[in-house]
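Everything below concerns the one structure shown next.
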């Protein structure tokens, strides 16, 4: 199974994890196309591919993919769009009750419309109907040492709401954060940011640890848990089940 | 032989029509306003009033002045949806406050001197706030949500009074509709932008000079109780009435209502040190400007007109107090220039300005009153 993983700096956790996981999944190939921050905003559809509209992004695509300067969906069985400011959040942020339901819903729609993950999905959909998984930007870490684990039902409720609100009709399926990494109310356990590394794109910052104040960039352990959850989810999708190992 | 020491000999050029107006290109007429107090970029400014008032806040914001917005939109709400939901049109989400008596009503609610009515209009399963009927594009979810949101806006309105240094209010209309039973005022006639008109309950009032002046004086008094340092800048909207219930022709009714509003504003500015009047009405409506700042419907003020008004506002501040030279909004110029302009000045100005111009801004007013146009003969 050929998978293209398209994303921002959060892809670093998946890439690190995959280096260790690839050997035990011989039938699966992951090709990463990533750039830090909003670099992927420079992707544009051209023919049957997504191409970079600037040299910096082109270089990042080549570096992270191992030489490819464009994303050709037809070369893969599915695409994963990861991070890119697609935030996992509860349906109702705590706003102190000062907004109407309609205003909050409109703000939520507007937020999705501006979200780079969904903008990228839109570009992908303009050239391909390939199956697509959306992996949200990891949740911020908890500062509560005694935070209780999140339950499967609690996580499902958030994911179901987000799937309906953001991805309905867009031909993409949400695979949220791994339950084992989550604590209440909707955060990651702090240990998953330990030893997290910057995304390597071929510059002087490659291989450096993320800043101490990092709240969302996760380590390879988190990446492995997310990839495992994603592969489990693929087995439930009729169109991909026979190819998911 | 004329006495060369009469009082007119000491007057400045601006006091004489020929040098101040007739011999100038209309875009070069200067000194239309001598502000009483300096409005500095750090001074918090609250803005409310009729549709035209929306331009004042945006212009303050765009020029780096401190336009107060005490009622914040939800995070991520787009610019267009902010306007649809009535955010950042004024300092709080009051929607248009067309009359002086409506201002007094909002102020009384904010100070606790009056309790907001519980009246609301149901449309299907949605709920409309009679005091800002278009504030939610599809109405509120429930009576509870409507009252909660209105209470929040009243809190924010009060906060803007408490925090501002300048309260800018644009007077728009003299015509209003009141609840005959309880005396409160609606911004729009029930049945036009929501609700159902009941001739036994809904009464038309055309406010006269005394009523408007009294309402403003009472509003200012209530606001000073919250904020003793507050200063007021009054303007009169140059936008004509969409429709009149007065029985007069709409043109005659427009002129009468604007003149009354102008007279009240002038009287208050002349008699109260903390009240000023800025002549936006005159800048758009004076025959000197030849109607050049109106759109073809001769009602809507063009972006160029708005820009010229606001350029005048800041230029006069600068001329009076020597504050930093404002960045003029170039939208004020080219389109307003008449085809009859002589001497090739238009071409020169256009060439000079086009090099710098980013183009007119595209933010339109949100104006419920314009809905009345739909009820006229087609």
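One line per residue, one yes/no per condition, for (1) in contact with a helix residue (DSSP H, G or I) (Cβ under 6 Å, 6 or more places away or on another chain); (2) surrounded by fewer than 16 Cβ atoms within 10 Å (Cβ to Cβ); (3) touching a residue at least 40 places away in the same chain (Cβ under 8 Å); (4) within 13 Å of another protein chain (Cβ to nearest Cβ):
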| position | (1), (2), (3), (4) |
| --- | --- |
| A:72 | no, yes, no, no |
| A:102 | no, no, no, yes |
| A:138 | no, no, yes, no |
| A:143 | no, yes, yes, no |
**Request:** Only residues that are surrounded by fewer than 19 Cβ atoms within 10 Å (Cβ to Cβ) and under 22 Å from the mean Cα position of the chain (by Cα): list them for the range B:155-183, please.
**Result:** B:155, B:159, B:162, B:163, B:165, B:178
**Prompt:** Among the candidates A:112, A:86, which residue alone is within 14 Å of chain B (Cβ to nearest Cβ) and either part of a strand (DSSP E or B) or surrounded by fewer than 16 Cβ atoms within 10 Å (Cβ to Cβ) (or both)?
**Reply:** A:86
**Fill in**
Within the range B:218-250, residues over 13 Å from the mean Cα position of the chain (by Cα), in a loop (DSSP other than H, G, I, E, B) and free of Cβ contacts under 8 Å to residues at least 60 places away in the same chain come out as B:228, B:247, B:248, B:249
**Request:** Might you check whether a residue that is surrounded by fewer than 23 Cβ atoms within 10 Å (Cβ to Cβ), away from chain A (no Cβ under 11 Å) and part of a loop (DSSP other than H, G, I, E, B) occurs anywhere in the range B:87-94?
**Result:** yes
**Request:** Pick out the one residue from B:150, B:132, B:104, B:158 that is assigned to a loop (DSSP other than H, G, I, E, B) and under 27 Å from residue B:60 (Cα atoms).
**Result:** B:132
**Prompt:** Of all residues in the range A:197-219, how many are over 20 Å from residue A:186 (Cα atoms) and buried (at least 18 other Cβ atoms within 10 Å of the Cβ)?
**Reply:** 6
**Message:** Residue under question is residue A:56, and the condition is that it be assigned to a helix (DSSP H, G or I), more than 14 Å from every other protein chain (Cβ to nearest Cβ) and surrounded by 22 or more Cβ atoms within 10 Å (Cβ to Cβ); does it hold?
**Reply:** no
**Asked** Can you name the number of the only condition in (1) in contact (Cβ under 8 Å) with a residue 40 or more places away in the chain; (2) surrounded by 14 or more Cβ atoms within 10 Å (Cβ to Cβ) that residue A:20 fails?
**Response** (2)
**Fill in**
When the range A:211-236 is checked residue by residue, the ones that are part of a loop (DSSP other than H, G, I, E, B) and either in contact (Cβ under 8 Å) with a residue 60 or more places away in the chain or on the phi > 0 side of the Ramachandran plot (or both) are A:215, A:216, A:217, A:218, A:219
**Output for the range B:59-86, where each listed residue is under 29 Å from residue B:315 (Cα atoms), outside any loop (DSSP other than H, G, I, E, B), within 13 Å of chain A (Cβ to nearest Cβ) and at pLDDT 95 or above** = B:83
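Which members of the range B:107-126 meet the condition of being more than 10 Å from every other protein chain (Cβ to nearest Cβ), at negative phi and either in contact with a strand residue (DSSP E or B) (Cβ under 8 Å, 6 or more places away or on another chain) or part of a loop (DSSP other than H, G, I, E, B) (or both)?
At the first step, the residues of the range B:107-126 found to be more than 10 Å from every other protein chain (Cβ to nearest Cβ) are B:107-125.
Filter again for at negative phi, leaving B:107-111, B:113-123, B:125.
Residues satisfying the conditions are B:113, B:114, B:115, B:116, B:117, B:118, B:119, B:120, B:121, B:122, B:125.
The values are calculated or read from the model by the stated rules, or taken from the named source; none is laboratory data. These numbers were taken from a predicted model, which means no experiment stands behind them. Counting neighbours? That spans all protein chains shown, and the Cβs are built from the backbone with ideal geometry, glycine included.
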